[in-house]
Amino acid sequence: AAVPLFLGGGEGPLLPAPVWSLIKTVAVLVLLVWTAHRLPALRMDRFMGFAWMVLIPAALLQMLAVGIVVLD
């Protein structure tokens, strides 16, 4: 879904659209696999701690800010 939504689908110079779509799809897959092997694995308990301490309060603050802007 990344190629048609974010990378222009089959648009590109010199080659037909299906070839460009295939090239872009392979590039996205290579990037995802490389990133997965490059970054360390995130333990779920550490992620949950980060979510409770940072992400949930940040989301609540964002909802508060949007509510203030919309109601004001």
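The values are calculated or read from the model by the stated rules, or taken from the named source; none is laboratory data. What you are looking at is a predicted structure, and each value in this text was computed from that prediction instead of being measured. For neighbour counting, all protein chains shown are included, and Cβ atoms are generated from backbone atoms with ideal geometry for every residue, glycine included. For accessibility, only protein heavy atoms count, side chains too; no ligands or nucleic acids. Shrake-Rupley method; radii C 1.70, N 1.55, O 1.52, S 1.80 Å.
A few comments on the model shown:
- Probe 1.4 Å, all protein chains present, accessible-area order of ASP45, ASP72, largest first: ASP72, ASP45
- Carbon and sulfur %, accessible surface of the chain computed with the full protein complex present, 1.4 Å: 77
- Using a probe of 1.4 Å on the protein chains alone, the accessible area found for ILE68 is around 100 Å².
- Structure-based [θ]222 nm, the chain - -39500 (n - 2.57) summed over DSSP H runs of at least 4, per residue, nearest 500: -22000 deg cm²/dmol
- Backbone N within region 23-42 under 20 Å of label point (7 Å from LEU5 Cα along the Cβ vector): 23-36
- Hull shadow area, averaged, the chain [alpha-carbon convex hull, nm²]: 8.2
- Taking all protein chains into account, the per residue accessible area for the chain stands at 89 Å² (1.4 Å probe).
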